[in-house]
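I have placed the structure first, in the form of C-alpha coordinates, so that the comments after it can refer back to it.
The values are calculated or read from the model by the stated rules, or taken from the named source; none is laboratory data. All figures in this text were calculated on a predicted structure; none of them were measured in a lab. Virtual Cβ from ideal backbone geometry, glycine too; neighbours counted across all protein chains shown. Calculation scope for accessible area: heavy atoms of the full protein, side chains included, ligands and nucleic acids excluded. Shrake-Rupley method; radii C 1.70, N 1.55, O 1.52, S 1.80 Å.
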Amino acid sequence: MIRLAFPIYVELLTAVVAVSVIDLLWVSGLGEGAVAAVTVATTTEYLALGLFLAVQTGITVLVGRRDGRAPLAPLVRTGWLLWAAVSLAVAVPGVLLREPLAALLAADAPTAALTAGYYLISLAGLPVFFAQCLVDGVLKGKGNTRTPMRNALICNALVIVLDPLFIYGLGMGVQGAALATVLARLATLGLALISLVRQAPADAPGRAPAWEIVRTGLPMSGDFLARALVGMVLVDVVAGFGVAAQAGYGIGSKIMLAGVMVFYALRQATMIRTARSEPAGRPLLLGLGAGVAVAAVLNLVAAPVAGWFTADPGPAVEFLRWMTLYLVPFGGLIAAGGVLQASGRGGRLLAATLAGFAVQLPLAYTLSSLLGVTGVWVSMAAGALVSLGGAVLTPGAWPGRRAGGPGSARGREPRSTRTAAGPRSGP
(Lines give C-alpha, C1' and ligand atoms only; values in the text may rest on other atoms or scores of the structure.)
Protein backbone atom coordinates (compact mmCIF):
# COMPACT_ATOMS: atom_id res chain seq x y z
CA MET A 1 0.00 0.00 0.00
CA ILE A 2 2.73 2.47 0.93
CA ARG A 3 4.68 1.65 -2.24
CA LEU A 4 1.62 2.35 -4.36
CA ALA A 5 0.52 5.41 -2.38
CA PHE A 6 3.88 7.21 -2.22
CA PRO A 7 4.07 8.19 -5.92
CA ILE A 8 0.43 9.33 -5.69
CA TYR A 9 1.32 11.53 -2.72
CA VAL A 10 4.23 13.11 -4.56
CA GLU A 11 2.01 13.68 -7.59
CA LEU A 12 -0.77 15.27 -5.54
CA LEU A 13 1.68 17.32 -3.53
CA THR A 14 3.34 18.76 -6.61
CA ALA A 15 0.37 19.00 -9.00
CA VAL A 16 -2.34 20.19 -6.60
CA VAL A 17 -0.58 21.66 -3.59
CA ALA A 18 2.85 22.85 -4.62
CA VAL A 19 1.66 24.73 -7.71
CA SER A 20 -0.78 26.84 -5.69
CA VAL A 21 1.70 27.23 -2.83
CA ILE A 22 4.40 28.39 -5.26
CA ASP A 23 1.95 30.91 -6.71
CA LEU A 24 1.16 32.14 -3.20
CA LEU A 25 4.83 32.35 -2.29
CA TRP A 26 5.71 34.43 -5.35
CA VAL A 27 2.71 36.77 -5.19
CA SER A 28 3.22 37.38 -1.48
CA GLY A 29 5.62 40.14 -2.49
CA LEU A 30 2.66 41.97 -4.01
CA GLY A 31 0.82 42.26 -0.68
CA GLU A 32 -2.00 40.64 1.29
CA GLY A 33 -4.55 41.48 -1.40
CA ALA A 34 -2.66 39.37 -3.95
CA VAL A 35 -2.37 36.48 -1.50
CA ALA A 36 -6.10 36.63 -0.78
CA ALA A 37 -6.89 36.79 -4.52
CA VAL A 38 -4.84 33.67 -5.33
CA THR A 39 -6.39 31.91 -2.34
CA VAL A 40 -9.90 32.60 -3.60
CA ALA A 41 -9.06 31.71 -7.21
CA THR A 42 -7.36 28.39 -6.43
CA THR A 43 -10.26 27.42 -4.16
CA THR A 44 -12.53 27.91 -7.15
CA GLU A 45 -10.24 25.73 -9.27
CA TYR A 46 -10.65 22.91 -6.75
CA LEU A 47 -14.41 23.32 -7.14
CA ALA A 48 -14.07 22.96 -10.92
CA LEU A 49 -11.91 19.86 -10.45
CA GLY A 50 -14.74 18.34 -8.42
CA LEU A 51 -17.00 18.58 -11.46
CA PHE A 52 -14.51 16.62 -13.60
CA LEU A 53 -13.65 14.11 -10.90
CA ALA A 54 -16.62 11.95 -11.89
CA VAL A 55 -14.90 11.31 -15.22
CA GLN A 56 -11.40 10.82 -13.81
CA THR A 57 -12.46 8.51 -10.99
CA GLY A 58 -14.85 6.55 -13.20
CA ILE A 59 -12.06 5.99 -15.72
CA THR A 60 -9.61 4.87 -13.01
CA VAL A 61 -12.01 2.35 -11.47
CA LEU A 62 -13.27 0.93 -14.77
CA VAL A 63 -9.78 0.64 -16.28
CA GLY A 64 -8.71 -1.20 -13.12
CA ARG A 65 -11.61 -3.62 -13.43
CA ARG A 66 -11.07 -4.26 -17.16
CA ASP A 67 -7.27 -4.27 -17.40
CA GLY A 68 -6.31 -7.71 -18.72
CA ARG A 69 -9.95 -8.68 -19.24
CA ALA A 70 -11.43 -6.33 -21.84
CA PRO A 71 -10.23 -3.66 -24.30
CA LEU A 72 -9.49 -0.27 -22.77
CA ALA A 73 -9.64 1.94 -25.88
CA PRO A 74 -13.45 2.30 -25.85
CA LEU A 75 -13.26 3.64 -22.29
CA VAL A 76 -10.54 6.11 -23.23
CA ARG A 77 -12.45 7.39 -26.26
CA THR A 78 -15.57 8.00 -24.21
CA GLY A 79 -13.43 9.66 -21.56
CA TRP A 80 -12.22 12.22 -24.13
CA LEU A 81 -15.79 12.98 -25.21
CA LEU A 82 -16.74 13.59 -21.59
CA TRP A 83 -13.62 15.76 -21.18
CA ALA A 84 -14.73 17.98 -24.05
CA ALA A 85 -18.27 18.31 -22.70
CA VAL A 86 -17.22 19.16 -19.13
CA SER A 87 -14.48 21.54 -20.28
CA LEU A 88 -16.92 23.60 -22.35
CA ALA A 89 -19.58 23.54 -19.66
CA VAL A 90 -17.19 24.82 -16.97
CA ALA A 91 -14.60 27.00 -18.68
CA VAL A 92 -16.88 29.16 -20.85
CA PRO A 93 -19.35 30.23 -18.11
CA GLY A 94 -16.46 30.61 -15.69
CA VAL A 95 -14.65 33.12 -17.88
CA LEU A 96 -17.82 35.05 -18.70
CA LEU A 97 -18.92 35.27 -15.06
CA ARG A 98 -15.48 35.84 -13.55
CA GLU A 99 -16.17 39.36 -12.26
CA PRO A 100 -19.43 38.62 -10.36
CA LEU A 101 -17.84 35.43 -8.98
CA ALA A 102 -14.80 37.36 -7.77
CA ALA A 103 -16.98 40.06 -6.20
CA LEU A 104 -18.97 37.38 -4.38
CA LEU A 105 -15.93 35.71 -2.80
CA ALA A 106 -13.33 38.45 -2.28
CA ALA A 107 -13.15 40.51 0.90
CA ASP A 108 -13.03 43.92 -0.85
CA ALA A 109 -13.13 45.56 -4.28
CA PRO A 110 -9.34 45.67 -4.92
CA THR A 111 -9.03 41.98 -4.06
CA ALA A 112 -12.01 41.21 -6.29
CA ALA A 113 -10.32 42.94 -9.22
CA LEU A 114 -7.14 40.90 -8.74
CA THR A 115 -9.17 37.69 -8.41
CA ALA A 116 -11.08 38.39 -11.64
CA GLY A 117 -7.78 38.91 -13.46
CA TYR A 118 -6.52 35.56 -12.24
CA TYR A 119 -9.81 33.90 -13.22
CA LEU A 120 -9.55 35.15 -16.80
CA ILE A 121 -6.51 32.97 -17.40
CA SER A 122 -6.93 30.12 -14.92
CA LEU A 123 -10.54 29.29 -15.84
CA ALA A 124 -9.77 29.49 -19.57
CA GLY A 125 -6.95 26.99 -18.93
CA LEU A 126 -9.14 24.43 -17.15
CA PRO A 127 -9.42 22.13 -20.23
CA VAL A 128 -5.65 21.60 -20.03
CA PHE A 129 -5.92 20.71 -16.33
CA PHE A 130 -8.82 18.33 -17.01
CA ALA A 131 -6.97 16.61 -19.86
CA GLN A 132 -4.02 15.91 -17.56
CA CYS A 133 -6.40 14.47 -14.97
CA LEU A 134 -7.95 12.17 -17.57
CA VAL A 135 -4.60 10.81 -18.71
CA ASP A 136 -3.51 10.25 -15.11
CA GLY A 137 -6.79 8.45 -14.40
CA VAL A 138 -6.15 5.93 -17.17
CA LEU A 139 -2.58 5.27 -16.06
CA LYS A 140 -3.58 4.83 -12.41
CA GLY A 141 -6.27 2.38 -13.39
CA LYS A 142 -3.52 0.26 -14.94
CA GLY A 143 -1.66 0.36 -11.64
CA ASN A 144 0.92 2.88 -12.88
CA THR A 145 1.34 5.67 -10.33
CA ARG A 146 4.93 6.63 -11.17
CA THR A 147 4.28 8.23 -14.56
CA PRO A 148 1.66 10.66 -13.15
CA MET A 149 4.17 11.47 -10.39
CA ARG A 150 6.89 12.21 -12.95
CA ASN A 151 4.55 14.45 -14.93
CA ALA A 152 3.56 16.38 -11.81
CA LEU A 153 7.20 16.93 -10.87
CA ILE A 154 7.95 18.29 -14.33
CA CYS A 155 4.97 20.64 -14.14
CA ASN A 156 6.05 21.81 -10.70
CA ALA A 157 9.58 22.56 -11.89
CA LEU A 158 8.22 24.59 -14.79
CA VAL A 159 6.01 26.66 -12.47
CA ILE A 160 9.00 27.42 -10.25
CA VAL A 161 10.84 28.82 -13.28
CA LEU A 162 7.93 30.58 -14.99
CA ASP A 163 6.25 32.20 -11.97
CA PRO A 164 8.91 34.87 -11.25
CA LEU A 165 9.37 35.47 -14.98
CA PHE A 166 5.70 36.30 -15.57
CA ILE A 167 4.84 37.85 -12.19
CA TYR A 168 7.83 40.18 -11.90
CA GLY A 169 9.93 39.91 -15.04
CA LEU A 170 7.03 40.73 -17.39
CA GLY A 171 5.19 42.75 -14.75
CA MET A 172 1.97 40.73 -15.02
CA GLY A 173 1.45 40.41 -11.28
CA VAL A 174 -1.31 38.01 -10.19
CA GLN A 175 -2.23 37.22 -13.80
CA GLY A 176 1.35 36.16 -14.39
CA ALA A 177 0.99 33.43 -11.77
CA ALA A 178 -2.09 32.09 -13.54
CA LEU A 179 -0.43 32.16 -16.97
CA ALA A 180 2.71 30.43 -15.69
CA THR A 181 0.60 27.62 -14.24
CA VAL A 182 -1.43 27.09 -17.42
CA LEU A 183 1.67 27.04 -19.65
CA ALA A 184 3.44 24.59 -17.34
CA ARG A 185 0.42 22.29 -17.42
CA LEU A 186 0.22 22.52 -21.20
CA ALA A 187 3.85 21.48 -21.65
CA THR A 188 3.41 18.59 -19.22
CA LEU A 189 0.26 17.42 -20.99
CA GLY A 190 2.28 16.85 -24.16
CA LEU A 191 4.48 14.35 -22.32
CA ALA A 192 1.47 12.73 -20.66
CA LEU A 193 -0.23 12.09 -24.01
CA ILE A 194 2.85 10.23 -25.24
CA SER A 195 2.64 7.96 -22.18
CA LEU A 196 -1.06 7.38 -22.80
CA VAL A 197 -0.50 6.26 -26.40
CA ARG A 198 2.23 3.86 -25.31
CA GLN A 199 0.43 2.31 -22.33
CA ALA A 200 -3.19 2.32 -23.51
CA PRO A 201 -3.06 1.75 -27.28
CA ALA A 202 -6.14 1.66 -29.52
CA ASP A 203 -6.80 -2.05 -28.97
CA ALA A 204 -10.45 -2.08 -30.10
CA PRO A 205 -12.95 0.10 -31.97
CA GLY A 206 -16.06 1.74 -30.54
CA ARG A 207 -16.85 3.63 -27.34
CA ALA A 208 -17.99 2.66 -23.86
CA PRO A 209 -21.27 3.98 -22.45
CA ALA A 210 -20.68 7.46 -21.05
CA TRP A 211 -23.13 6.93 -18.23
CA GLU A 212 -21.15 3.92 -16.98
CA ILE A 213 -18.12 6.14 -16.42
CA VAL A 214 -20.07 8.99 -14.87
CA ARG A 215 -22.13 6.72 -12.61
CA THR A 216 -19.01 5.02 -11.29
CA GLY A 217 -17.20 8.26 -10.48
CA LEU A 218 -20.17 10.41 -9.48
CA PRO A 219 -20.08 9.69 -5.72
CA MET A 220 -16.41 10.70 -5.50
CA SER A 221 -17.14 13.80 -7.54
CA GLY A 222 -20.05 14.65 -5.26
CA ASP A 223 -17.85 14.20 -2.19
CA PHE A 224 -15.09 16.41 -3.59
CA LEU A 225 -17.56 18.99 -4.92
CA ALA A 226 -19.30 19.24 -1.58
CA ARG A 227 -15.94 19.86 0.11
CA ALA A 228 -15.01 22.52 -2.43
CA LEU A 229 -18.37 24.27 -2.01
CA VAL A 230 -18.05 24.24 1.75
CA GLY A 231 -14.50 25.55 1.37
CA MET A 232 -15.84 28.48 -0.63
CA VAL A 233 -18.47 29.16 2.04
CA LEU A 234 -15.75 29.16 4.69
CA VAL A 235 -13.71 31.62 2.61
CA ASP A 236 -16.73 33.93 2.68
CA VAL A 237 -17.28 33.44 6.44
CA VAL A 238 -13.62 34.12 7.23
CA ALA A 239 -13.64 37.17 4.94
CA GLY A 240 -16.01 38.77 7.43
CA PHE A 241 -13.10 38.99 9.87
CA GLY A 242 -10.97 41.02 7.43
CA VAL A 243 -8.31 40.55 4.75
CA ALA A 244 -5.66 39.50 7.30
CA ALA A 245 -7.86 36.65 8.55
CA GLN A 246 -8.69 35.58 4.99
CA ALA A 247 -5.02 35.62 3.98
CA GLY A 248 -4.12 33.67 7.14
CA TYR A 249 -6.76 31.07 6.32
CA GLY A 250 -5.45 30.81 2.76
CA ILE A 251 -1.84 30.38 3.86
CA GLY A 252 -2.73 27.91 6.62
CA SER A 253 -5.00 25.83 4.40
CA LYS A 254 -2.36 25.61 1.68
CA ILE A 255 0.23 24.44 4.21
CA MET A 256 -2.26 21.93 5.61
CA LEU A 257 -2.92 20.54 2.13
CA ALA A 258 0.64 19.23 2.05
CA GLY A 259 -0.36 16.92 4.90
CA VAL A 260 -3.92 16.23 3.77
CA MET A 261 -2.60 14.86 0.47
CA VAL A 262 -1.29 11.89 2.48
CA PHE A 263 -4.91 10.93 3.13
CA TYR A 264 -5.92 11.35 -0.51
CA ALA A 265 -2.93 9.29 -1.64
CA LEU A 266 -4.05 6.49 0.66
CA ARG A 267 -7.59 6.77 -0.70
CA GLN A 268 -6.44 6.49 -4.30
CA ALA A 269 -4.19 3.55 -3.45
CA THR A 270 -7.01 1.66 -1.73
CA MET A 271 -9.34 2.49 -4.62
CA ILE A 272 -6.87 1.20 -7.22
CA ARG A 273 -6.17 -2.01 -5.33
CA THR A 274 -9.84 -2.68 -4.64
CA ALA A 275 -10.79 -2.07 -8.28
CA ARG A 276 -8.04 -4.49 -9.34
CA SER A 277 -9.28 -7.12 -6.85
CA GLU A 278 -6.17 -6.82 -4.67
CA PRO A 279 -6.24 -6.61 -0.85
CA ALA A 280 -6.53 -3.07 0.48
CA GLY A 281 -5.13 -3.70 3.97
CA ARG A 282 -6.55 -1.67 6.90
CA PRO A 283 -7.26 1.75 5.41
CA LEU A 284 -9.28 3.10 8.33
CA LEU A 285 -6.57 2.47 10.91
CA LEU A 286 -3.90 3.63 8.47
CA GLY A 287 -5.81 6.86 7.87
CA LEU A 288 -6.30 7.57 11.57
CA GLY A 289 -2.60 7.00 12.21
CA ALA A 290 -1.72 9.27 9.29
CA GLY A 291 -4.00 11.93 10.79
CA VAL A 292 -2.09 11.86 14.07
CA ALA A 293 1.26 12.06 12.28
CA VAL A 294 0.21 14.90 9.97
CA ALA A 295 -1.24 16.92 12.87
CA ALA A 296 1.99 16.54 14.84
CA VAL A 297 4.18 17.65 11.93
CA LEU A 298 1.99 20.65 11.11
CA ASN A 299 2.07 21.84 14.71
CA LEU A 300 5.85 21.58 14.64
CA VAL A 301 6.35 23.55 11.41
CA ALA A 302 3.40 25.96 11.63
CA ALA A 303 5.24 29.11 12.71
CA PRO A 304 8.38 28.91 10.54
CA VAL A 305 6.56 27.81 7.37
CA ALA A 306 3.78 30.40 7.73
CA GLY A 307 6.52 33.00 8.11
CA TRP A 308 7.64 32.28 4.54
CA PHE A 309 4.43 33.80 3.22
CA THR A 310 3.70 36.76 5.46
CA ALA A 311 5.23 39.09 8.02
CA ASP A 312 2.30 38.30 10.36
CA PRO A 313 2.01 34.49 10.56
CA GLY A 314 -0.24 34.60 13.64
CA PRO A 315 -3.62 33.90 11.93
CA ALA A 316 -2.20 31.02 9.88
CA VAL A 317 -0.45 29.48 12.89
CA GLU A 318 -3.63 29.64 14.97
CA PHE A 319 -5.54 27.92 12.18
CA LEU A 320 -2.99 25.08 11.97
CA ARG A 321 -3.01 24.57 15.75
CA TRP A 322 -6.78 24.13 15.80
CA MET A 323 -6.68 21.77 12.82
CA THR A 324 -5.30 19.03 15.10
CA LEU A 325 -8.90 18.33 16.11
CA TYR A 326 -9.91 18.04 12.46
CA LEU A 327 -7.08 16.09 10.87
CA VAL A 328 -7.33 12.83 12.81
CA PRO A 329 -10.97 11.97 11.98
CA PHE A 330 -10.57 13.40 8.50
CA GLY A 331 -7.61 11.10 7.81
CA GLY A 332 -9.61 8.02 8.74
CA LEU A 333 -12.58 9.13 6.66
CA ILE A 334 -10.62 9.83 3.46
CA ALA A 335 -8.42 6.73 3.58
CA ALA A 336 -11.38 4.38 4.09
CA GLY A 337 -13.29 6.08 1.28
CA GLY A 338 -11.26 4.44 -1.48
CA VAL A 339 -12.57 0.99 -0.63
CA LEU A 340 -16.16 2.21 -0.63
CA GLN A 341 -15.77 4.02 -3.95
CA ALA A 342 -14.15 1.15 -5.85
CA SER A 343 -16.57 -1.46 -4.45
CA GLY A 344 -19.66 0.42 -5.62
CA ARG A 345 -20.60 1.97 -2.27
CA GLY A 346 -19.39 5.50 -2.84
CA GLY A 347 -22.92 6.82 -2.35
CA ARG A 348 -22.76 5.85 1.31
CA LEU A 349 -19.52 7.75 1.73
CA LEU A 350 -21.11 10.81 0.10
CA ALA A 351 -24.05 10.56 2.50
CA ALA A 352 -21.68 10.54 5.48
CA THR A 353 -19.83 13.57 4.07
CA LEU A 354 -23.06 15.52 3.60
CA ALA A 355 -24.20 14.66 7.12
CA GLY A 356 -20.97 16.13 8.48
CA PHE A 357 -21.45 19.32 6.49
CA ALA A 358 -25.04 19.59 7.68
CA VAL A 359 -23.56 19.89 11.17
CA GLN A 360 -20.49 21.94 10.27
CA LEU A 361 -22.04 24.86 8.39
CA PRO A 362 -24.63 25.92 10.99
CA LEU A 363 -21.95 25.57 13.66
CA ALA A 364 -19.54 27.74 11.63
CA TYR A 365 -21.99 30.65 11.64
CA THR A 366 -23.10 30.12 15.23
CA LEU A 367 -19.70 29.58 16.81
CA SER A 368 -18.02 32.33 14.79
CA SER A 369 -20.44 34.82 16.31
CA LEU A 370 -19.50 33.57 19.78
CA LEU A 371 -15.81 32.68 19.45
CA GLY A 372 -14.72 34.72 16.46
CA VAL A 373 -12.83 32.99 13.67
CA THR A 374 -11.87 30.18 16.10
CA GLY A 375 -15.49 29.05 15.96
CA VAL A 376 -15.04 28.24 12.27
CA TRP A 377 -12.11 25.94 13.05
CA VAL A 378 -14.07 24.14 15.81
CA SER A 379 -16.99 23.58 13.42
CA MET A 380 -14.65 21.85 10.94
CA ALA A 381 -13.58 19.34 13.58
CA ALA A 382 -17.19 18.65 14.56
CA GLY A 383 -18.20 18.02 10.96
CA ALA A 384 -15.30 15.62 10.38
CA LEU A 385 -16.23 13.59 13.45
CA VAL A 386 -19.83 13.25 12.29
CA SER A 387 -18.73 12.17 8.79
CA LEU A 388 -16.30 9.61 10.19
CA GLY A 389 -19.01 8.18 12.42
CA GLY A 390 -21.30 7.71 9.44
CA ALA A 391 -18.60 6.19 7.25
CA VAL A 392 -17.29 3.60 9.71
CA LEU A 393 -20.81 2.26 10.21
CA THR A 394 -20.93 1.51 6.47
CA PRO A 395 -20.31 -2.16 5.52
CA GLY A 396 -16.88 -2.46 3.89
CA ALA A 397 -15.34 0.47 5.74
CA TRP A 398 -14.09 -1.54 8.72
CA PRO A 399 -10.34 -2.12 8.73
CA GLY A 400 -9.12 -5.42 7.34
CA ARG A 401 -12.33 -6.20 5.49
CA ARG A 402 -11.87 -6.93 1.83
CA ALA A 403 -14.30 -5.16 -0.41
CA GLY A 404 -16.42 -6.96 -2.96
CA GLY A 405 -18.83 -5.23 -5.28
CA PRO A 406 -18.36 -4.74 -8.96
CA GLY A 407 -14.61 -4.94 -8.77
CA SER A 408 -14.44 -8.23 -6.88
CA ALA A 409 -12.24 -11.07 -8.01
CA ARG A 410 -15.16 -13.30 -8.97
CA GLY A 411 -14.86 -14.30 -12.60
CA ARG A 412 -11.50 -12.63 -13.08
CA GLU A 413 -8.66 -14.44 -14.81
CA PRO A 414 -5.74 -15.75 -12.76
CA ARG A 415 -3.11 -13.13 -11.97
CA SER A 416 -0.61 -14.85 -14.26
CA THR A 417 -2.81 -14.17 -17.32
CA ARG A 418 -3.60 -10.54 -16.58
CA THR A 419 -1.88 -7.76 -18.51
CA ALA A 420 -0.85 -5.79 -15.46
CA ALA A 421 -0.25 -8.27 -12.70
CA GLY A 422 0.36 -6.89 -9.25
CA PRO A 423 0.25 -3.37 -7.97
CA ARG A 424 2.45 -1.85 -10.67
CA SER A 425 3.84 1.55 -9.91
CA GLY A 426 6.27 1.82 -12.79
CA PRO A 427 5.70 3.05 -16.35
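A few points about this structure:
- Förster-model FRET efficiency, 45 Å R0, residue 187 and residue 354, C-beta, rounded to 0.05: 0.70
- Percent accessible area from carbon and sulfur atoms, the stretch 59-212, protein chains only, probe 1.4 Å: 72
- Packing, taken as the mean count of other beta carbons within 10 Å per residue, orders the peptides 326-336, 87-97 from highest to lowest as 326-336, 87-97.
- Each of (1) 5, 22, 33, 26, 11, 2, 0; (2) 4, 15, 14, 12, 13, 12, 9, 6, 5, 5, 4, 2, 0, 0; (3) 5, 24, 35, 23, 9, 3, 1, 0 is a candidate for P(r) over Cα pairs in 10 Å bins from 0, in percent; the one calculated from this structure is (1).
- The chain - accessible surface per residue (Å², probe 1.4 Å): 37
- The stretch 258-368 - percent of accessible surface contributed by carbon and sulfur, probe 1.4 Å: 73
- Summarising the label geometry, the points placed 7 Å from Cα in the beta-carbon direction at residue 157 and residue 369 lie 5.4 nm from one another.
- For the chain, the mean residue ellipticity at 222 nm estimated from helices alone is -26000 deg cm²/dmol, where every DSSP H run of n ≥ 4 contributes -39500 (n - 2.57) and the total is divided by all residues, rounded to the nearest 500.
- Extreme residue, positive dipole direction of the stretch 262-375, given options 375, 302, 272 (C-beta unit charges): 272
- Selection from 339, 291, 52 lying farthest towards where the dipole of the chain points positive, charges on Cβ: 339
- If you take all other residues with their beta carbon under 14 Å from the beta carbon of residue 120, and give Lys and Arg +1 and Asp and Glu -1, the sum is -1.
- Taking 169, 33, 259 as the candidate residues, the one with maximal mean-square fluctuation in a Gaussian network model of the chain, Cα springs under 10 Å, is 169.
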